[in-house]
Amino acid sequence: SRDSVASVTDLLAESVRHYRAKTANGSDMSAAEVEQAAQQLAVGAVFFNDLKKDMKGTVPIPQEDLAPVIAEFEKSGGPYVVYSAVRARSILRRYGKALPKAADITSFSIDAQEALLLLRLFEFPEKVAKAAAEDNPSILVRHLLGIASLYNPYYTVAPVLQGGRANEFRLLITKAVELTLTDGLSLCH
């Protein structure tokens, strides 16, 4: 209906404004880059949110204040997964060298949080196949959110780079997270 189209248009416009302001704040990006990033984040956030809910029917959009809806996108939606992938990429970029080969790492320990994160990473192909077989992208989207939710607290309590030294095992976990989230987001378009 016209009301539905107007609601989506309003949500997208408000999302673009939100991400434009957020991206421009403290950024060295050009105005064109900020605009492109804001457009991509806004459209991606709305799209990702719809996929997350596995809604086959209408999607209610509040007519009044859209700020809580956009805040939810950021907290548990596409931008959160993008942030997690970018954070992992940033850590790898700061390392600045070729990653070690897994076979060359002879000593490491795995705590419960790392074990769970690794398990979720290993489940990725299975989740992709299941989402395709059931024609249900929410399976993949929720899995990506789960990985992001595990990774964000992980890198703060288990530093990958510290005091000029790198934990090689954690570097490989970080690379696996970055690849998985990036590939998963790509599958979600």
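The values are calculated or read from the model by the stated rules, or taken from the named source; none is laboratory data. Quick caveat, the model's predicted, so the values are computed rather than measured. When we count neighbours, we look across all protein chains shown, and the Cβ atoms used for this are built from the backbone with ideal geometry, even at glycine. Each accessible area value is taken on the protein alone, full model and side chains, heavy atoms only, with ligands, DNA and RNA left out. Shrake-Rupley method; radii C 1.70, N 1.55, O 1.52, S 1.80 Å.
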Any idea of Leu66's accessible area? Nearest 10 Å², probe 1.4 Å.
-> 20 Å²
Quick one: accessible area per residue over the chain, 1.4 Å probe, rounded to a whole number of Å²?
-> 58 Å²
Just for the Cα atoms in region 91-155, what are the lengths along the principal axes, largest first, rounded to whole Å?
-> 40, 24, 23
Helix hunt in the chain: which complete DSSP H runs extend at least 27 Å axially by C-alpha with mean Kyte-Doolittle at least 0.0?
-> 31-53, 112-133, 138-157, 168-187
Where does each of Asp10, Asp135 land when they are ordered by accessible area, with a 1.4 Å probe and the largest first?
-> Asp135, Asp10
Computed P(r) (all Cα pairs; region 121-189; 5 Å bins; percent) = 3, 16, 26, 21, 14, 10, 6, 3, 1, 0
Region 36-189: D in µm²/s via Stokes-Einstein (Kirkwood Rh, Cα pairs, 37 °C, 0.692 mPa s)?
-> 196 µm²/s
At 7 Å along the Cα-to-beta-carbon direction for both Ser149 and Phe122, put a label point, then send me their distance in nm to one decimal.
-> 2.1 nm
For the cross-link pairs Lys53/Lys130; Lys53/Lys127; Lys52/Lys175; Lys130/Lys175; Lys22/Lys53, which exceed 27 Å when the distance is taken from alpha carbon to alpha carbon?
-> none
Do the sum for the chain: with -39,500 (n - 2.57) for every DSSP H run of n ≥ 4, divided by all residues, what is the mean residue ellipticity at 222 nm, to the nearest 500 deg cm²/dmol?
-> -24500 deg cm²/dmol
